[in-house]
Amino acid sequence: MEYFIQQLINGISVGSIYALIALGYTMVYGIIKLINFAHGDVFMVGSFIGLYSAKYLANAGLPPIVVLLLSLIISMTISALLGITIERLAYKPLRKSTRIAALITAIGVSFLLEYTGVLILGPQAQGFPDIMEKKQYHLFGSSIQVESNQIMILLTTIILMLVLQYIVRYTKTGKAMRAVSFDVEAARLMGINVDRTISATFAIGSALAAAAGVIFGMTYNSVDPLMGVMPGLKAFVAAVLGGIGSIPGALVGGLLLGTVETEISSLGFSSWRDGVAFAVLILILIFKPSGLFGKNVREKV
Amino acid sequence: MLTVQGINVYYGAIHALKDLSINVKQGEIVTLIGANGAGKSTLLKTLSGLLKPKTGSIEFLDKSIVNQSVQAIVKEGLIHCPEGRRVFANMSVEENLELGAYLQDSSSLAADFQRVYNTFPRLLERKKQQAGTLSGGEQQMLAMGRAIMGHPKLLLLDEPSMGLAPLLVQDIFKIIKEVNDAGTTVLLVEQNAHQALKIADRAYVLETGRVVLEGDAKELADSDEIKMAYLGH
Ligand SMILES: Nc1ncnc2c1ncn2[C@@H]1O[C@H](COP(=O)(O)OP(=O)(O)O)[C@@H](O)[C@H]1O
Ligand SMILES: [Mg+2]
């Protein structure tokens, strides 16, 4: 039982990373119906920016918590700008063309980011600095261990989710995002600037992916230019599992996938770990294509 | 207030509006009637900037709006309440209304809500409810209320009575008249020609993208052509 709970805790950490990335997939899909395959690579870029910021700031002698916060903010800001730029340059010109054209472009952008990364940073993995000293705590005197990092991750994820929830529910931009997702033409008739709303969506999604990138670096201590591929795909599965287009769905999908995956590999099927995600994807597509929280697709007449 | 001259609008190869000209004067209710597919909705979409005419001119308040964005046109006070209501079903009544005031100063928001709730008391009762759960009539009220939140100088209404029970249709037409009496100019598209001609000052009849008849609403209502084609007697 303790072993199971231990794996659950580990699973939640992984799941938080998937959930943060999945949000970007789901929000972008919600608003322009595009699976942004470059999203996992924005996560990678965010991770590297976090790495360099953290190194620089730690060398400057700042306290760890400040290093962490500033690294997160810098990484999220630059990645948000990257997301906006990608949308403007690569996707916006294709908004009126077929979905497959945009999808192929997204795959192209993904390769571009990955191999620009390889070119500039080299293909080998780099060590991510320990921003915070790692401590281990025992839960209620049991043998269940919680790492200080895991607590940080959970806190960061929860805070980001609350901020996101606030933005989407209560701000003018958030309301515009929901309106555009639901009915672009009606949203335009309200006077909503659709281009700017789409930019905001990319900015928020990319910032969340960047935060996931920093968290990933802190957890696994190793980052490389192709690191976005697998988490990107897993997060995509998480978004589909939750119901693509649904924000709570992305959250639940990410956490669910993270825990299931961790439990499965802890049961001795670690070589099946990555397979689980894709088995899940196939099962959803067969049995509940709209996902756990998905609404049935509203076909426009 | 609004002068449309010789516009031609296409959907790809389909020539939907052909050399169409209409005008609307300050304070009027003008109605556009015509069979399904005549081009009524296309005309409204062109006025609000969703569609761009290939040729022709559109002037609103003495300024050309042909090349303006939808957003700029909304800002000028030309508000389009589209066919089929198009409320944001996933949002509350209150949020829908708020979106209608998207370009308005937030200082006038409270007064605007008040005004809309006075006109549509039903919306006040349901303000926290998801728009998707409202009845058809309530959704129409919401769509109109949302349009009113945008401070329309000219309100374009596309088939507001579509699919509503006769009693509700009466209500909707009564409210259109009230909104007009309060100072908003209205361009009303209707299949319900009988009712529309009753409250309108003038009317245009559209057929396959052209204006085939125009004139005083009362006179048109009495004309034999209209009676035969649109009023069913
Ligand atoms: N999105 C569209 N694409 C192609 N043709 C359209 C489109 N919308 C309308 N049409 C065509 O344009 C004509 C006018 O349609 P519409 O303006 O909707 O008529 P109405 O509102 O009078 O019923 C019709 O022949 C219709 O089939
Ligand atoms: Mg129509």
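The values are calculated or read from the model by the stated rules, or taken from the named source; none is laboratory data. Keep in mind the model is a prediction, meaning the values are calculated, not measured. As a convention, Cβ positions derive from the backbone with ideal geometry for all residues, glycine included, and neighbour counts pool all protein chains shown. To get the accessible areas, we keep the full protein, side chains included, count just its heavy atoms, and leave off ligands, DNA and RNA. Shrake-Rupley method; radii C 1.70, N 1.55, O 1.52, S 1.80 Å.
No other residue among B:THR42, B:THR55, B:THR3, B:THR46 is hydroxyl-bearing (Ser, Thr, Tyr), surrounded by 14 or more Cβ atoms within 10 Å (Cβ to Cβ) and away from ligand 1 (no atom under 13 Å from the Cβ) apart from B:THR3. Please work out which residue is nearest to the other protein chains (Cβ to nearest Cβ), limiting yourself to the stretch A:196-222 and to residues that are more than 17 Å from A:MET76 (Cα to Cα) and touching a helix residue (DSSP H, G or I) at 6+ places or on another chain (Cβ under 7 Å). Filtering the stretch A:196-222 for residues that are more than 17 Å from A:MET76 (Cα to Cα) and touching a helix residue (DSSP H, G or I) at 6+ places or on another chain (Cβ under 7 Å), the one nearest to the other protein chains (Cβ to nearest Cβ) comes out as A:THR197. Residues in the stretch B:23-50 that are in a strand (DSSP E or B) and within 16 Å of ligand 2 (Cβ to nearest atom) were compared, and the one that is nearest to B:THR185 (Cα to Cα) is B:THR31. Among the residues making up the stretch B:58-85, none is within 15 Å of ligand 1 (Cβ to nearest atom) and farther than 19 Å from B:PHE173 by Cα. Is there a residue in the stretch A:39-53 that is open to solvent by 10 Å² or more (accessible area, probe 1.4 Å) and more than 21 Å from A:ALA235 (Cα to Cα)? So far as the stretch A:39-53 goes, yes, one or more of its residues are open to solvent by 10 Å² or more (accessible area, probe 1.4 Å) and more than 21 Å from A:ALA235 (Cα to Cα). Residues that are more than 14 Å from every other protein chain (Cβ to nearest Cβ) and in a strand (DSSP E or B) do occur in the stretch B:189-201. Hey, any hits in the stretch B:110-131 for a residue that's within 16 Å of ligand 2 (Cβ to nearest atom) and either within 12 Å of another protein chain (Cβ to nearest Cβ) or over 17 Å from the mean Cα position of the chain (by Cα) (or both)? Looking for residues that are within 16 Å of ligand 2 (Cβ to nearest atom) and either within 12 Å of another protein chain (Cβ to nearest Cβ) or over 17 Å from the mean Cα position of the chain (by Cα) (or both), one finds none in the stretch B:110-131, hence no.
Condition check ((1) under 13 Å from the mean Cα position of the chain (by Cα); (2) surrounded by fewer than 20 Cβ atoms within 10 Å (Cβ to Cβ); (3) among the charged types (D, E, K, R)) across all residues:
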| residue | (1), (2), (3) |
| --- | --- |
| B:LEU156 | yes, no, no |
| B:PRO160 | yes, no, no |
| B:GLN170 | no, yes, no |
| B:ILE176 | yes, no, no |
| B:ASN180 | yes, yes, no |
| B:GLY183 | no, yes, no |
| B:ILE199 | no, yes, no |
| B:ARG202 | no, no, yes |
| B:GLU207 | no, yes, yes |
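Which residues, counting only those in the stretch A:193-221, are over 29 Å from B:ALA101 (Cβ atoms) and open to solvent by less than 20 Å² (accessible area, probe 1.4 Å)? Those that are over 29 Å from B:ALA101 (Cβ atoms) and open to solvent by less than 20 Å² (accessible area, probe 1.4 Å): A:SER206, A:LEU208, A:ALA209, A:ALA210, A:ALA211, A:ALA212, A:GLY213, A:VAL214, A:ILE215, A:GLY217, A:MET218.
Restricting attention to the stretch B:96-109, and to residues there that are within 15 Å of B:GLY150 (Cβ to Cβ) and not aliphatic (A, V, I, L, M), which single residue is farthest from the other protein chains (Cβ to nearest Cβ)?
That would be B:SER108.
If we scan the stretch B:23-32, do we find a residue that is aliphatic (A, V, I, L, M) and away from ligand 1 (no atom under 16 Å from the Cβ)? Yes: the stretch B:23-32 contains one or more residues that are aliphatic (A, V, I, L, M) and away from ligand 1 (no atom under 16 Å from the Cβ).
For the stretch A:126-192, the helices (runs of 4 or more DSSP H) that sit wholly inside it and include 2 or more residues that are more than 14 Å from chain B (Cβ to nearest Cβ) and surrounded by fewer than 18 Cβ atoms within 10 Å (Cβ to Cβ) are A:148-170. State which residue pairs qualify: first residue at the interface with chain A (Cβ under 7 Å from one of its Cβ atoms) and in contact (Cβ under 8 Å) with a residue 12 or more places away in the chain and inside the stretch B:70-92, second residue part of a loop (DSSP other than H, G, I, E, B) and more than 16 Å from ligand 1 (Cβ to nearest atom) in any location, beta carbons under 7 Å apart, and separation of 6 or more residues or different chains. That search, which allows pairs on different chains as well, returns B:GLN71/A:GLY191; B:GLN71/A:ASN193; B:VAL74/A:GLY191; B:VAL74/B:LEU103; B:VAL74/B:GLY150; B:LYS75/A:GLY191; B:LYS75/B:LEU103. Contact map, the stretch B:154-174: first residue within 14 Å of another protein chain (Cβ to nearest Cβ) and over 28 Å from B:VAL4 (Cβ atoms), second residue within 16 Å of ligand 1 (Cβ to nearest atom) and among the polar types (S, T, N, Q), Cβ cut-off under 6 Å, separation 6 or more or different chains; the map is empty. From the list A:LEU256, A:LEU241, A:LEU267, the one residue that fits, being within 28 Å of A:ILE131 (Cα to Cα) and open to solvent by 10 Å² or more (accessible area, probe 1.4 Å), is A:LEU256. Number of residues in the stretch A:54-79 that are in contact (Cβ under 8 Å) with a residue 60 or more places away in the chain and either among the aromatic types (Phe, Trp, Tyr) or open to solvent by less than 60 Å² (accessible area, probe 1.4 Å) (or both): the value is 9. Inclusion of B:ALA147 among residues that are open to solvent by less than 30 Å² (accessible area, probe 1.4 Å) and more than 28 Å from B:GLN191 (Cβ to Cβ) is not warranted. Among the residues of the stretch B:6-22, the one identified as open to solvent by 60 Å² or more (accessible area, probe 1.4 Å) and more than 13 Å from ligand 1 (Cβ to nearest atom) is B:ASP19. With respect to being acidic (Asp, Glu), out of contact with any Asp or Glu (no Cβ under 7 Å at 6 or more places or on another chain) and not in a helix (DSSP H, G or I), B:GLU219 falls outside the description.
A:LEU292 meets the stated requirement of being over 22 Å from A:GLN7 (Cα atoms) and not in a helix (DSSP H, G or I). Note on the stretch B:156-183: residues that are part of a loop (DSSP other than H, G, I, E, B) and of a type outside the set (D, E, K, R) total 8. Here the condition is being of a type outside the set (Gly, Ala, Ser), touching a His at 6+ places or on another chain (Cβ under 8 Å) and more than 16 Å from ligand 2 (Cβ to nearest atom); of B:ASN96, B:ASN8, B:ASN67, B:ASN90, it holds for B:ASN8 alone.
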